[in-house]
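The values are calculated or read from the model by the stated rules, or taken from the named source; none is laboratory data. Given the structure is predicted, the values throughout are model-derived calculations rather than measurements. No Cβ is skipped: glycine too gets one built from the backbone with ideal geometry, and neighbour counts run over all protein chains shown. The accessibility values were calculated without ligands, DNA or RNA, using every heavy atom of the protein model including side chains. Shrake-Rupley method; radii C 1.70, N 1.55, O 1.52, S 1.80 Å.
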There are 2 protein chains.
Amino acid sequence: MGFEPSALPRYARTVAEFEHPAVEDIEVSAVLFALSDPARLDIVRQLAVPGELATCQSVALDMPKSTRSHHLKVLRESGVVLSEPRGRERLLSLRRDDLDSRWPGLLTAVLAEQPVAT
Amino acid sequence: MGFEPSALPRYARTVAEFEHPAVEDIEVSAVLFALSDPARLDIVRQLAVPGELATCQSVALDMPKSTRSHHLKVLRESGVVLSEPRGRERLLSLRRDDLDSRWPGLLTAVLAEQPVAT
């Protein structure tokens, strides 16, 4: 991180300590589990819209804050979502390049459901 | 099914009653959850080998029968695996065409992990 955690006020340390797996440590089972929850997949769909900035305060507003925090933790710790400090907020983004480098086309396939032929 | 269940002996009714979702009823959350377990993904990898016939007795031989049955049930009910009666056994196969028609490339992407660049 390039700074000394103990030099930061307490809240800053808390946000700085969020852990993200390195790309080589991302596991497909964790990614698939993270995406297997409809609420989490909705968050991922929101983050997949190009050009939209998302923060922890702007996604999944229909659910209780604790539920949202839990889902964002699962998405973060599985390697699907990056959560970066921006002032007092956290900017959320999809780790699309990282996922594409390990499982090319996976995210695209999950998000691109085909209409059922009738 | 085209036959009268009550006309069959008890064991045949049991196997005939296995349920598989129709392709249009397959849900991505159930598919991703089914694939998110490493043991189930191993079974899927076995079934993905072309030309190999697999039965309930020939996959995942390293786990207790009850565990294997549970995993096969999750794979079947999510729409990932087809289990068809063949005499007194059940032939297992991947529903690759069904999954590809709904989420093109999903199964291929999950099974085709890229080596981590060093």
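A few comments on the model shown:
Every residue, every condition in (1) closer than 29 Å to A:I26 by Cβ; (2) open to solvent by 40 Å² or more (accessible area, probe 1.4 Å); (3) at pLDDT 90 or above, yes or no:
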| position | (1), (2), (3) |
| --- | --- |
| B:V28 | yes, no, yes |
| B:L41 | yes, no, yes |
| B:R45 | yes, yes, yes |
| B:P50 | yes, yes, no |
| B:V59 | yes, no, no |
| B:S69 | no, yes, yes |
| B:L75 | yes, no, yes |
| B:P85 | no, yes, no |
| B:R95 | yes, no, yes |
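- Residue tally, condition part of a loop (DSSP other than H, G, I, E, B) and within 10 Å of the chain's Cα centre (by Cα), over the stretch A:88-99: 1
- Scanning the stretch A:100-112 for residues that are part of a helix (DSSP H, G or I) and under 11 Å from B:V116 (Cα atoms) yields A:S101, A:R102.
- Any pair with Cβ under 7 angstrom, 6 or more apart, that starts in the stretch B:82-95 at a residue that is touching a residue at least 24 places away in the same chain (Cβ under 8 Å) and ends at one that is part of a loop (DSSP other than H, G, I, E, B) and open to solvent by 40 Å² or more (accessible area, probe 1.4 Å): B:L82/B:H20; B:S83/B:F18; B:E89/B:Q57; B:L91/B:L53
- Scan of the stretch B:88-118 for residues that are facing chain A (nearest Cβ under 10 Å) and not aliphatic (A, V, I, L, M), ordered by number: B:D100, B:S101, B:R102, B:W103, B:P104, B:G105, B:T108, B:E113, B:Q114, B:P115, B:T118
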